[in-house]
Amino acid sequence: MKKRRCKLLSIILLLLVLLSGCWDQKQVDKRAYVYAVGMDMADEENKFNITYLIVNPEYGSQVSSNTNESPQELITFETNDLMTSKNIANVVIAKEITYDLLRVVIVSEKLAKDKRFIRWMYDATKDREIRRDSYFIVTKENVSTFLKVNKPKLETRLDQYFELILKRGIDNGMIPDMDLHRFFNITEADADLALGIYGTTQGNNEDTGKVEDQLLAGELKIKGETNATQFLGSALFKEGQMIGKLNAEETRITILLNDTLEMSDVLTTYPDPFDKDFRIAARLIKKQKNKVNMKIKNGSGEINVTIPLIIEILSDHSMVNYGRNAEKRKELKKKIEDNLSAKINDFVKKTQEEYKGEPFGWSLLSRRHFKTLSEYEKFDWMKTYPTMKVNVKVDVRFGEFGKQGEVPNLKRVRD
Amino acid sequence: MLKNLVSFISDKFKIKNDYPEQLSTDDIKLKEQNIDTSLKKNIETFERIYFIPDNTDVKIRHLFIPGINKKAAIIYISSIMDTKIIEETVIRPLQNNQHTTIEITNIISAESVSTAEKIKDALKEINKGSCALFIDGEDQVYLIGAANFQGRSIEKPENEVSLLGPKEAFNEKAMTNISLIRKKIKNENLIIEATTISKRSKDELYIVYVKDLVNEELLKNIKDRLNTIDMDIIQNLSILEQIIEERPKSIFPTILNTERPDRAAYFLEDGFIVLIMENSPSALILPATFWSFFHSADDRYQRFLYANFTRVIRGSALFITIFISAIYVSVTNYHAEMVPSDLLLAISATREKVPFPTFIEVLMMESAFELIREAGLRVPNPIGPTIGIVGALILGQAAVQANIVSPIVVIVVALSGLSSFAIGDISMNFAIRIIRFGMIIAGGVLGIYGMAAIFTIGLFYVVSIKSFGVPYLAPMTPKYISSNDTIFRKLTKNERFRPGYLKPKDVTKKAGDS
């Protein structure tokens, strides 16, 4: 009797597992992997154009290297939301559309500036498959054209290209490390400004006469045969709506001031204090966190920030020989500190006056100065920030002066 | 009509008895009798029992002993004894005897002589290779031990290969095996107890233990278990193992079978009990924990760092064997988002032209691997290499080229197969391989969730197993005083305790401390 019951129970358990399991089983090779989703303005009201970049796994793989298939498929159509579009795409795409591999969400500038943008953007939080760590990119032109023109020369597939170029750009500090999660996070906190990676394929052929730091994507003149796409600078979002663009220098300042953003391999130039014809090349290293001092007093406040920086001087065109000359080093240090703090303070002022908000993550640091949440909410960081007194100081320490510290005495060489 | 049919069928199925059953009560009665004083009658009895002269290797030789002027006869089985000894120590001294009042035992110069009064007892000794000497007019028989069973000599271990350790292995002679252990433990406390465990073939079992270490209750428990055995024949230890283990249907082995005397000696010194039997090229060590199956002999002999490195490799191999195929199945079916994009695309690309679902594909290849393994084991030596080539080539490359399986599956299955060999113990190896299939099914049905569930249930089970009262995962869980030789081992000089879960009489290993 006991044995029979045991058998019956095990059969029931087995059936339970067999009948209930497998329901979301999906074979890897029966799916179409969307690597990038693009969102554009549509002609019709309350709809948007969606662009799918579907990568072809077979392209470039060893097994089927003799395939003639193209590396990717690109389709654009009008949709109501991010979910139903998966079904609509199957009109032309043979396999089931999946966002499992989605790493890049691209929005055109025009749509990003639209008031309805945030409503559509929040679809990304609804779908189970969309990863929150997907890169968030804003393009100058329509995304459909951006993806069509984007033809990397050396990377076999677009997914490799995106992965690599965005990683490099973030390391260099040319673009901010922004993903969907951070975008939603900042938007929901409603105190800071969010950033997006800025990119374009539309080159600007006229010479802007700016130093490379002050450029935006599309403004850098590059000759030769290469991909037309450029990622440089960032798009600024306030309350889920794009309000401006930051060039490379402003992006780097933002990253310097915001301790939640990171850059690791930053090379830049400063005007040479000893010979104004030249600029000195320097590597910026930030090892410690900023010292942020806040004083919140009834309705307004004061923020004092010190940025600890280690700077390695990599070029010495004026042949000053910094490694051997303590006086000159001191002077250089002061000049760089002044130069940097002036630039940063200017930018901070610009955020206060022009954007009326800051992308530096300071609202998070301010919370500890309030006793209760309602007190903080009443303070309304976004509204109060423009009236605050902000003072940023840079504290420079020199690292090495290139692999060889010394430069020869020019007079003696030319003699 | 129907009746006819029924009777026809029952006629057809009636068992025809060509060989009518015979009772052996007469024989049994005969064997119960005492030895008779008449030599002639005794010889007749033994001729009848041994079926002489049909039984070719049982020999009877008639003698005349001068001096005491008596007729005598010896009976022996020539194939299992050393006839030279008999000739030199029995036949020649008897025939050359000139003393008139000497006792028989003093004439015979053999090393062991005993007497028996019952036919039954004499038969038992003759069957074991003794020579029986009957003297006319005496109602007892002299039994001279000269057994010499044929067998192989000591050879290298084949299953438990060690790089640095001793290269001797047990062979089929129990006395050799005991000698090999005694060689390692030269101590008067090493006890070799013999008991007979089967009713008909009278198989002898030697219980080996160190008296001043072993826990008496554990020993009693094992002896009790051995005493309850009710079997006609137990040919060797592998069969005995299946009879005395606690859970014969369990997937995990609970008795360690080793062919290395050094390992047996090591366990004896820790307070374990070793069983040795004639005809078994191995020894049983009990109780056994999971760790004793996981460890190998070389772990002891290699230096601390190297041994632990090997343990890490073996541990990861264990998990690779169990999980890798299952992870592949569940990731490709349920959790595609878990994989790095490049890898996912690579997997997807290789699967594009494969007709079967991953689950079937993996099961197919795993079974094929098991097939090669089993066939390779049974195949006669000269054909061996062919099987290897056919298996590797056909099932690997050709299957991929024919788009039957994807190359990644070949890698996964090869990896899991290769890793399974890292677990040296044959029983544990089987357990792991079977678990692997369970995992693949769980992964195919419910993904990683299913695997986690099965693994958890498995853990519950492993923790619940006991081997002769010792928890299977001791001393890791539950915790006991011990040298903590589990996943890693300590420095040899820091191994200060015997395993506490055995409750040995002396738990510290160092003479100075006790």
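The number of residues in the stretch B:305-360 that are within 14 Å of chain A (Cβ to nearest Cβ) and polar (S, T, N, Q) comes to 7. Evaluating A:Ala89 against the criteria (1) within 14 Å of chain B (Cβ to nearest Cβ); (2) crowded, with 19+ Cβ neighbours inside 10 Å; (3) within 21 Å of A:Gln27 (Cα to Cα); (4) small (Gly, Ala, Ser) leaves one unmet condition, (1). Look at (1) within 14 Å of chain B (Cβ to nearest Cβ); (2) over 16 Å from A:Ala32 (Cβ atoms) and you find that A:Val149 fails only one, number (1).
Is it fair to say A:Val266 is farther than 30 Å from A:Val107 by Cα and either out of contact with any His (no Cβ under 7 Å at 6 or more places or on another chain) or at pLDDT below 85 (or both)? No. Considering the stretch A:145-164, and only residues there that are out of contact with any Ser or Thr (no Cβ under 7 Å at 6 or more places or on another chain), of a type in the set (A, V, I, L, M, F, W, C) and crowded, with 19+ Cβ neighbours inside 10 Å, the residue that is nearest to A:Glu73 (Cα to Cα) turns out to be A:Leu158.
For the stretch B:255-262, the condition holds for no residue, the condition being that it is surrounded by fewer than 22 Cβ atoms within 10 Å (Cβ to Cβ), touching a helix residue (DSSP H, G or I) at 6+ places or on another chain (Cβ under 8 Å), touching a residue at least 12 places away in the same chain (Cβ under 8 Å) and in a helix (DSSP H, G or I). Within this structure, A:Tyr52 fails the test of being closer than 25 Å to B:Tyr334 by Cβ and either of a type in the set (D, E, K, R) or within 11 Å of chain B (Cβ to nearest Cβ) (or both).
Take the conditions more than 16 Å from B:Lys59 (Cβ to Cβ), surrounded by fewer than 20 Cβ atoms within 10 Å (Cβ to Cβ) and without any contact (Cβ under 8 Å) to a residue 24 or more places away in the chain and apply them to B:Glu88. Does it pass?
Details: more than 16 Å from B:Lys59 (Cβ to Cβ): yes; surrounded by fewer than 20 Cβ atoms within 10 Å (Cβ to Cβ): yes; without any contact (Cβ under 8 Å) to a residue 24 or more places away in the chain: yes.
When the stated conditions are applied, B:Glu88 passes them.
Would the stretch B:414-421 turn up any residue that is part of a helix (DSSP H, G or I), at pLDDT 85 or above and either in contact with a Gly (Cβ under 9 Å, 6 or more places away or on another chain) or within 14 Å of another protein chain (Cβ to nearest Cβ) (or both)? Scanning the stretch B:414-421, I find at least one residue that is part of a helix (DSSP H, G or I), at pLDDT 85 or above and either in contact with a Gly (Cβ under 9 Å, 6 or more places away or on another chain) or within 14 Å of another protein chain (Cβ to nearest Cβ) (or both), so the answer is yes. Residue-level analysis places A:Glu129 outside the set of residues that are under 30 Å from A:Glu225 (Cβ atoms) and either surrounded by fewer than 17 Cβ atoms within 10 Å (Cβ to Cβ) or more than 14 Å from chain B (Cβ to nearest Cβ) (or both).
So for the stretch B:229-238 (the condition being in contact (Cβ under 8 Å) with a residue 60 or more places away in the chain and in contact with a strand residue (DSSP E or B) (Cβ under 7 Å, 6 or more places away or on another chain)), does at least one residue qualify? Within the stretch B:229-238, not a single residue is in contact (Cβ under 8 Å) with a residue 60 or more places away in the chain and in contact with a strand residue (DSSP E or B) (Cβ under 7 Å, 6 or more places away or on another chain). Which of the residues belonging to the stretch A:44-58 are in contact (Cβ under 8 Å) with a residue 12 or more places away in the chain and of a type outside the set (Val, Ile, Thr)? A:Glu44, A:Asn46, A:Lys47, A:Phe48, A:Asn49, A:Tyr52, A:Leu53, A:Asn56, A:Pro57, listed by residue number.
Only one residue in B:Arg311, B:Arg378 is over 21 Å from A:Lys95 (Cβ atoms) and surrounded by 19 or more Cβ atoms within 10 Å (Cβ to Cβ). Which one? Explain how you work it out, then say what you get.
Values: B:Arg378 fails: surrounded by 19 or more Cβ atoms within 10 Å (Cβ to Cβ).
Criteria check complete, one pass: B:Arg311.
Kindly provide the set of residues from the stretch B:188-211 that are assigned to a loop (DSSP other than H, G, I, E, B) and at pLDDT 90 or above, ordered by number.
B:Glu188, B:Asn189, B:Lys211 - these are the residues of the stretch B:188-211 that are assigned to a loop (DSSP other than H, G, I, E, B) and at pLDDT 90 or above.
Residues are listed down the side, and each one gets a yes or a no for (1) of a type outside the set (Asp, Glu); (2) surrounded by 15 or more Cβ atoms within 10 Å (Cβ to Cβ):
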site	(1), (2)
A:Leu256	yes, yes
A:Glu262	no, no
A:Ala282	yes, yes
A:Asn298	yes, no
A:Gly301	yes, yes
A:Ile310	yes, yes
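Can we say B:Asn381 is modelled with pLDDT under 90 and on the phi > 0 side of the Ramachandran plot? Judged against the criteria, B:Asn381 is not a match.
List the helices (runs of 4 or more DSSP H) that sit entirely inside the stretch B:286-388 and contain at least 2 residues that are over 26 Å from B:Glu168 (Cβ atoms), out of contact with any helix residue (DSSP H, G or I) (no Cβ under 9 Å at 6 or more places or on another chain) and not assigned by TED's automatic domain parsing to the domain that holds B:Ala264. Break it down stepwise before answering.
Values: elements: B:290-294, B:298-301, B:304-333, B:341-351, B:358-378.
Once the helices (runs of 4 or more DSSP H) in the stretch B:286-388 are filtered for at least 2 residues that are over 26 Å from B:Glu168 (Cβ atoms), out of contact with any helix residue (DSSP H, G or I) (no Cβ under 9 Å at 6 or more places or on another chain) and not assigned by TED's automatic domain parsing to the domain that holds B:Ala264, what remains is B:304-333, B:358-378.
Only one of the numbered conditions (1) in the same structural domain as A:Asp114 (by TED's automatic domain parsing); (2) under 30 Å from A:Gln288 (Cα atoms); (3) assigned to a loop (DSSP other than H, G, I, E, B) is not met by A:Pro273, and that is (1). Tallying residues that are surrounded by 14 or more Cβ atoms within 10 Å (Cβ to Cβ) and either in contact with a His (Cβ under 8 Å, 6 or more places away or on another chain) or of a type in the set (Asp, Glu) (or both) within the stretch B:213-247 yields 3. Summed over the stretch A:10-48, residues that are within 16 Å of A:Glu141 (Cα to Cα), over 23 Å from the mean Cα position of the chain (by Cα) and assigned to a strand (DSSP E or B) total 1.
Among residues belonging to the stretch B:111-127 that are in contact (Cβ under 8 Å) with a residue 40 or more places away in the chain and under 30 Å from the mean Cα position of the chain (by Cα), point out the one that is surrounded by the fewest Cβ atoms within 10 Å (Cβ to Cβ).
In the first step, residues of the stretch B:111-127 are kept if they are in contact (Cβ under 8 Å) with a residue 40 or more places away in the chain; the result is B:116-120, B:122-124, B:126-127.
Next cut, under 30 Å from the mean Cα position of the chain (by Cα) only: B:123-124, B:126-127.
On the way: B:Leu123: 17, B:Lys124: 16, B:Ile126: 23, B:Asn127: 14.
Among those residues, the one meeting the criterion is B:Asn127.
Restricted to the stretch B:44-60, and to residues that are touching a helix residue (DSSP H, G or I) at 6+ places or on another chain (Cβ under 9 Å) and among the hydrophobic types (A, V, I, L, M, F, W, C), which residue is surrounded by the most Cβ atoms within 10 Å (Cβ to Cβ)? The extreme case among them is B:Phe46.
Can we say A:Lys349 is modelled with pLDDT under 90, among the charged types (D, E, K, R) and assigned by TED's automatic domain parsing to the domain that holds A:Gly399? No, not satisfied.
The values are calculated or read from the model by the stated rules, or taken from the named source; none is laboratory data. Because the structure is a prediction, the values reported are computed rather than measured. Every residue, glycine among them, receives a Cβ derived from its backbone with ideal geometry; neighbour counts consider all protein chains shown.
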